[in-house]
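Q: This is the structure, below, for whatever I ask next.
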Amino acid sequence: MSMREMTYGEAVKEAMAEEMRRDPTVFLMGEDVGKAGTVFKVLLGLHDEFGDDRVIDTPIAEAGLVGLGVGAALTGSRPIVDIMFGDFIALAMDQIVNQAAKLRYMSGGQAIVPITIRSTMGAGRSSAAQHSQSLHAWLAHIPGLKVAIPSTPADAKGLFKTAVRDDNPVVIYEDKMMYALKGMVPTEEDYTIPFGQAHIKREGDDVTLIATSSMVHVALDAADALAEQGISAEVVDPRTLVPLDRETLIESVVKTTRAVIIDEGYKSFGITGEIASTVYNGAFDYIDAPIVRLGAMDVPVPFSKPLEDATIPTPEDVIKAVQDMKIR
Amino acid sequence: MSLSSEILIKMYRAMLRIRRFEEQIWEVYTGGLMHGLAHLYIGEEAVAVGVCAALRDDDFITSTHRGHGHCVAKGGNLEAMMAEVMGRVTGHCRGKGGSMHIADMSVGILGANGIVGGGFGIATGAALSAQKRGTDQVAVCFFGDGASNQGIFFEVMNFAAIWKLPVIYVCENNHYGEYTPTENVTAGKSIADRSLPFGIPSTTVDGSDAIAVYEATAEAVERARKGDGATLIECDTYRYRGHHVGDPGEGYRSKEEIESWMAKDPIQLLRTKILDDNIASGAELDAEEREVEKEMENALEAAKAAPYPDVEEVNQHVYA
Ligand SMILES: Cc1ncc(C[n+]2csc(CCOP(=O)(O)OP(=O)(O)O)c2C)c(N)n1
Ligand SMILES: [Mg+2]
C-alpha cells in the first residue's frame, strides 16, 4: 500500500477532495468552509479546486444548514455538512435526531439519507463551556445515526471516505487538538475503513485500555509508562461508536482480564458506561478487576487553565487506575 | 435632542476605557498571559457606549462573543474583567467563564455568549420577566449581522411583538461574520427591515457616532418603559482588527476599506464634537485619557498578581 505522511487535518481534507472528485453529487457546506478553509484552516485549498458550487459558505444558521443537508440527502445529493464546534450541534439537534435519523425507518425503507455531518470535539484550548464539549454520546444514543470518532490521520481519512459513501446519516467527530498530529496515511483512492471495526493500536497482555479519539493517545502514553513498570497494556480504539465492534473489545478483555475505558465525553450516562457493560457481559467469567471508566468530569468545561486541565483524563489517571489493579 | 455635557464626557471616557482595555488584551494575549479566544471590539466602541449610556443600572443586556465593550459600557469592572480573561479567581466569573462568557449580574450584564445568537432568548425572557414583575426595566440584546440569520431571532421578535415586551435588539453590523462578507449570506436590503413584518419599529444609525446611537436607544427605551414594546436598531460599524486575536483581519478585507473606517474613528468623532462645542478642552480630554491609562495599569497589575482558582473549585457552581 502506498503511504504518505500527513497531518490529521490534511487527511480529512484529502478524504473529502477524493470523494468530491469521485462523486459529483458530493458537496460541502458550512460556515467559513470556503476561501477561509474553516476556522481551523484544515480545508484550505478545497475551495480553489471545487469552487463556490461545491464548497459553500453558509449563513450562521445551524438548524437550517443541517435541515437543508437532510433534504438534499433525501433527494439524490450526498452533502457533507460542517458544524464548526460540536457544541453547536445542539442548535441542529431536531434536524439530526427527529429528521435525519428517522426518515428511512418512518418511510418503511423508502428513503436514504446519505448526509455526513462533520464536527469537532475536545477540550484543552481554554475555549470554555460552549466550545469544548465532547457530546458524541448524544448521537450514539439515537438509532438511525452512525457515529465515527477517528484518532489518527489514517483512520480519519479512511473513516471519512466510508462516511461519505454510506447511505445513512453519519456524524464524524474530529478532536480539534489533533489537527496537527502526523501519521502515515494510505493514498489509494479506494482506501476506506469499514465501520464497526475496532483497531488494536498496541498489543498487550495484562490490561486493556479501550480509548476513543484523542484519548487513544493518552492511553498510548500511559501504555509506554506502564511498560517501564513491567505492565503490558493493550490499547484498543473502537473507531466507530455506532456500529460498535463489541466482539473485539470483549476478546481483548478476555485475553487481558482487566479494562480501563477512556473517553472525553462526560463520564455519567456516556460512552464508557456502554462499553463497560458490553465488556462485563461479554467477558464476565474472565474479569479479574473492577472495570475503570475515565471521562470528562461532570462539569461544564471551565475556562481557567488549571480548572480545565483537571477535567480531562490524563495518562497519569490511566496509570494510577492500572496500578490500583495490583497486577504485579 | 441635545445631550448634556456630562453624558458626552461620560461616553468619551467609556469609549477610551474600552479601547485601552482591548489594546491591553492584545498585549496580554500575544504575550501569552491569556488563552482561548479573544474577539476585540476596537472600532465598534460607540455602539456599546451609546446604547448603555441610555440605560439604567438595573436594565439588562445580553452580550456576544465580542463582548468586552458591552461589559465595560454597562459597568463591568476593568480589574475583574482583566482577571477573568486571564483565568484568575478574582475575575467576574472566578475564571470559569473567560472572555466569551463575562457576566456581572449585579449591573444587569446577563453574560457574553459563545453561541452566535445565544442572547436572543435570554434578553427577550428578561424583558418578559420585567413585564411580569411589573418593573419598568428594559433588556437590550446585542447581536451581530451574522447572528441575524439564526432562526431564533425571528422567533423572539414574534414573541416580543405579540406580548409588547420591553426589549431592544441592537444589531452590530460590522459587515463580516468571521471571514464571510455579510452580503454573501444575508438576504434583504437591511437587517433593520427584518423586524417590520412583526410590527416592530426599526432604525439604522451610524454606529461610529455615539450620539446617534444614544439618541436612537433613548427613544427605544422610552417606548419600552411605556409598555409600547420592542425596537430594532441596526448600527453600521466595523471592527478594525481581525475576527479574533490571531486573525490579521486582512485578505478578506481590503486595506482601503479598513482605512476608510478608521478615518471616521468613533473616539475621534466624539472628541471633535466635544472640542467644537467647547464642552471640554483638549487638555481636559487628555487628562481623561491619562486617568484611563492609570486605571488600566492598575487593573492589569492586580489581575497579574491574582491567583488562579483552587482546583477544588472545579465542581462548585454546577448546581445552585
Ligand atoms: C451557533 C454558533 N455558530 C457558529 C459560531 C462560530 N462563530 C463565532 S463568531 C462567528 C461570526 C459571528 O458574526 P457576527 O454575528 O456578525 O458577529 P461579529 O463577530 O462580526 O461581531 C461565528 C460564525 C458560534 N460561536 N456559534
Ligand atoms: Mg459581524
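Q: Against the condition of a type in the set (S, T, N, Q) and within 14 Å of chain B (Cβ to nearest Cβ), how does A:GLN133 come out, does it pass? Working first, answer last.
A: Values: of a type in the set (S, T, N, Q): yes; within 14 Å of chain B (Cβ to nearest Cβ): yes.
Against the criterion (of a type in the set (S, T, N, Q) and within 14 Å of chain B (Cβ to nearest Cβ)), A:GLN133 qualifies.
Q: Quick one: count up the residues across the stretch A:196-220 that are open to solvent by less than 10 Å² (accessible area, probe 1.4 Å), in a strand (DSSP E or B) and not β-branched (Val, Ile, Thr). Talk me through it step by step, then tell me what you get.
A: In the first step, residues of the stretch A:196-220 are kept if they are open to solvent by less than 10 Å² (accessible area, probe 1.4 Å); the result is A:204, A:207-213, A:215-216, A:219.
Subset that is in a strand (DSSP E or B): A:207-211.
In the following step, the residues that additionally are not β-branched (Val, Ile, Thr) were identified as A:209, A:211.
Within the stretch A:196-220, residues that are open to solvent by less than 10 Å² (accessible area, probe 1.4 Å), in a strand (DSSP E or B) and not β-branched (Val, Ile, Thr) number 2.
Q: So, in the stretch B:159-181, exactly how many residues are more than 16 Å from ligand 2 (Cβ to nearest atom) and either open to solvent by less than 20 Å² (accessible area, probe 1.4 Å) or of a type in the set (A, V, I, L, M, F, W, C) (or both)? Reasoning before the result, please.
A: Keep residues of the stretch B:159-181 that are more than 16 Å from ligand 2 (Cβ to nearest atom), which gives B:159-168.
Filter once more, so that each one left must be either open to solvent by less than 20 Å² (accessible area, probe 1.4 Å) or of a type in the set (A, V, I, L, M, F, W, C) (or both): B:159-163, B:165-168.
Final tally of qualifying residues: 9.
Q: Which of (1) within 16 Å of ligand 2 (Cβ to nearest atom); (2) away from chain A (no Cβ under 14 Å); (3) touching a Lys or Arg at 6+ places or on another chain (Cβ under 6 Å) does B:ILE233 not meet, given it meets every other one?
A: Among (1) within 16 Å of ligand 2 (Cβ to nearest atom); (2) away from chain A (no Cβ under 14 Å); (3) touching a Lys or Arg at 6+ places or on another chain (Cβ under 6 Å), the lone unmet condition for B:ILE233 is (3).
Q: For the stretch A:298-328, which positions are among the hydrophobic types (A, V, I, L, M, F, W, C), surrounded by fewer than 21 Cβ atoms within 10 Å (Cβ to Cβ) and within 14 Å of chain B (Cβ to nearest Cβ)?
A: Residues of the stretch A:298-328 that are among the hydrophobic types (A, V, I, L, M, F, W, C), as a first pass: A:299, A:301, A:303, A:307, A:310, A:312, A:318-319, A:321-322, A:325, A:327.
Restricting the remaining residues to those that are surrounded by fewer than 21 Cβ atoms within 10 Å (Cβ to Cβ) gives A:299, A:310, A:319, A:325, A:327.
The answer is A:VAL299, A:ALA310.
Q: Something else: What residue, among those in the stretch A:43-59 that are assigned to a loop (DSSP other than H, G, I, E, B) and within 14 Å of another protein chain (Cβ to nearest Cβ), is nearest to ligand 2 (Cβ to nearest atom)?
A: Residues of the stretch A:43-59 that are assigned to a loop (DSSP other than H, G, I, E, B), as a first pass: A:43-45, A:58-59.
Right, trim to within 14 Å of another protein chain (Cβ to nearest Cβ) and you get A:43-44, A:58-59.
Numbers: A:LEU43: 22, A:LEU44: 22, A:THR58: 15, A:PRO59: 12 Å.
Only one residue tops the list, namely A:PRO59.
Q: A further question on this structure: With the stretch B:151-252 as the region, which strands (runs of 3 or more DSSP E) entirely inside it contain at least 2 residues that are more than 29 Å from A:VAL66 (Cβ to Cβ)?
A: Details: elements: B:167-173, B:202-206, B:231-236.
Passing ranges, in order: B:202-206, B:231-236.
Q: Among (1) over 22 Å from A:LEU249 (Cβ atoms); (2) touching a residue at least 24 places away in the same chain (Cβ under 8 Å), where does A:VAL170 come up short?
A: (1)
Q: Against the definition (open to solvent by less than 20 Å² (accessible area, probe 1.4 Å), away from chain A (no Cβ under 11 Å), among the hydrophobic types (A, V, I, L, M, F, W, C) and touching a Phe, Trp or Tyr at 6+ places or on another chain (Cβ under 6 Å)), how does B:ALA130 come out, yes or no? Reasoning before the result, please.
A: Values: open to solvent by less than 20 Å² (accessible area, probe 1.4 Å): yes; away from chain A (no Cβ under 11 Å): yes; among the hydrophobic types (A, V, I, L, M, F, W, C): yes; touching a Phe, Trp or Tyr at 6+ places or on another chain (Cβ under 6 Å): no.
No: the conditions fail for B:ALA130.
Q: Here are some residues: B:ASN184, B:ASN278. Which one is without any contact (Cβ under 8 Å) to a residue 12 or more places away in the chain and within 16 Å of ligand 2 (Cβ to nearest atom)? Reasoning before the result, please.
A: On the way: B:ASN278 fails: within 16 Å of ligand 2 (Cβ to nearest atom).
Checking each option against the conditions leaves just B:ASN184.
Q: Read through the list (1) within 30 Å of A:ASP87 (Cα to Cα); (2) more than 19 Å from the chain's Cα centre (by Cα); (3) surrounded by 24 or more Cβ atoms within 10 Å (Cβ to Cβ); (4) away from ligand 1 (no atom under 16 Å from the Cβ), then give the number of the only condition that B:VAL156 fails.
A: Exception for B:VAL156: condition (4).
Q: What pairs come out if I take residues in the stretch B:65-82 that are within 14 Å of chain A (Cβ to nearest Cβ) and pair them with residues that are within 16 Å of ligand 2 (Cβ to nearest atom) whose C-beta lies under 6 Å away, six or more apart or interchain?
A: Correct list of pairs: B:HIS65/B:HIS39; B:HIS65/B:MET100; B:HIS65/B:GLY114; B:ARG66/B:HIS39; B:ARG66/B:TYR41; B:GLY67/B:ALA112.
Q: Separate question: Suppose the filter is over 27 Å from the mean Cα position of the chain (by Cα) and either more than 14 Å from chain A (Cβ to nearest Cβ) or modelled with pLDDT of 95 or more (or both); does B:GLU312 pass it?
A: Working: over 27 Å from the mean Cα position of the chain (by Cα): yes; either more than 14 Å from chain A (Cβ to nearest Cβ) or modelled with pLDDT of 95 or more (or both): yes.
Considered against the rule, which asks whether it is over 27 Å from the mean Cα position of the chain (by Cα) and either more than 14 Å from chain A (Cβ to nearest Cβ) or modelled with pLDDT of 95 or more (or both), B:GLU312 comes out as yes.
Q: Further question: So, in the stretch A:9-38, exactly how many residues are part of a strand (DSSP E or B), within 29 Å of B:GLY246 (Cβ to Cβ) and open to solvent by less than 10 Å² (accessible area, probe 1.4 Å)?
A: Summing the residues that are part of a strand (DSSP E or B), within 29 Å of B:GLY246 (Cβ to Cβ) and open to solvent by less than 10 Å² (accessible area, probe 1.4 Å) in the stretch A:9-38 gives 2.
Q: Is it true that A:SER151 is open to solvent by less than 10 Å² (accessible area, probe 1.4 Å), within 14 Å of chain B (Cβ to nearest Cβ) and assigned to a loop (DSSP other than H, G, I, E, B)?
A: On the way: open to solvent by less than 10 Å² (accessible area, probe 1.4 Å): yes; within 14 Å of chain B (Cβ to nearest Cβ): no; assigned to a loop (DSSP other than H, G, I, E, B): yes.
In short, no.
Q: Answer yes or no as to whether A:ASP57 is among the acidic types (Asp, Glu) and over 21 Å from A:LYS176 (Cα atoms).
A: Numbers: among the acidic types (Asp, Glu): yes; over 21 Å from A:LYS176 (Cα atoms): no.
Answer is no for this residue.
Q: Which one of the conditions (1) surrounded by fewer than 24 Cβ atoms within 10 Å (Cβ to Cβ); (2) within 11 Å of chain A (Cβ to nearest Cβ); (3) touching a His at 6+ places or on another chain (Cβ under 6 Å); (4) not small (Gly, Ala, Ser) does B:ARG94 fail to meet, given that it meets all the rest?
A: (3)
Q: Another question, then. When the residues of the stretch B:191-213 are filtered to those that are hydroxyl-bearing (Ser, Thr, Tyr) and open to solvent by 30 Å² or more (accessible area, probe 1.4 Å), which remaining residue is nearest to B:LEU232 (Cα to Cα)? If you could, list the steps in order and put the result at the bottom.
A: The first filter runs over the stretch B:191-213 and keeps only residues hydroxyl-bearing (Ser, Thr, Tyr), leaving B:195, B:202-204, B:208.
Add one more test, that the residue is open to solvent by 30 Å² or more (accessible area, probe 1.4 Å), and what stays is B:202-204.
Numbers: B:SER202: 4, B:THR203: 7, B:THR204: 9 Å.
Per the stated criteria, the residue is B:SER202.
Q: Test of understanding: among B:ALA48, B:ALA53, B:ALA73, which residue is within 16 Å of ligand 2 (Cβ to nearest atom) and either surrounded by fewer than 24 Cβ atoms within 10 Å (Cβ to Cβ) or within 14 Å of B:VAL107 (Cβ to Cβ) (or both)?
A: Selected residue: B:ALA48, the only one of B:ALA48, B:ALA53, B:ALA73 that is within 16 Å of ligand 2 (Cβ to nearest atom) and either surrounded by fewer than 24 Cβ atoms within 10 Å (Cβ to Cβ) or within 14 Å of B:VAL107 (Cβ to Cβ) (or both).
Q: Let me ask something else. Sort out which residues of the stretch A:48-69 are surrounded by 24 or more Cβ atoms within 10 Å (Cβ to Cβ) and not acidic (Asp, Glu), and write them in order of number.
A: So in the stretch A:48-69, the residues surrounded by 24 or more Cβ atoms within 10 Å (Cβ to Cβ) come out as A:55, A:60-62, A:65-66, A:69.
Selection gives A:VAL55, A:ILE60, A:ALA61, A:LEU65, A:VAL66, A:GLY69.
Q: I would also like to ask the following. Looking at the stretch A:102-110, can you tell me whether even one residue there is crowded, with 23+ Cβ neighbours inside 10 Å and more than 12 Å from chain B (Cβ to nearest Cβ)? Working first, answer last.
A: In the first step, residues of the stretch A:102-110 are kept if they are crowded, with 23+ Cβ neighbours inside 10 Å; the result is none.
No: the stretch A:102-110 contains no residue that is crowded, with 23+ Cβ neighbours inside 10 Å and more than 12 Å from chain B (Cβ to nearest Cβ).
Q: Would you point out which residue out of B:MET105, B:MET86, B:MET82 is surrounded by fewer than 19 Cβ atoms within 10 Å (Cβ to Cβ), within 23 Å of A:PHE303 (Cα to Cα), more than 14 Å from the chain's Cα centre (by Cα) and not aromatic (Phe, Trp, Tyr)? If you could, list the steps in order and put the result at the bottom.
A: Values: B:MET86 fails: surrounded by fewer than 19 Cβ atoms within 10 Å (Cβ to Cβ); B:MET82 fails: surrounded by fewer than 19 Cβ atoms within 10 Å (Cβ to Cβ).
Being surrounded by fewer than 19 Cβ atoms within 10 Å (Cβ to Cβ), within 23 Å of A:PHE303 (Cα to Cα), more than 14 Å from the chain's Cα centre (by Cα) and not aromatic (Phe, Trp, Tyr) holds for just one of B:MET105, B:MET86, B:MET82, which is B:MET105.
The values are calculated or read from the model by the stated rules, or taken from the named source; none is laboratory data. Since the model is a prediction, treat every value here as computed from it, not as a measurement. FYI the Cβ positions are ideal-geometry reconstructions off the backbone, even for glycines, and counts take in every protein chain you see. Only protein heavy atoms, including side chains, enter the accessible area calculation; ligands, DNA and RNA are left aside. Shrake-Rupley method; radii C 1.70, N 1.55, O 1.52, S 1.80 Å.
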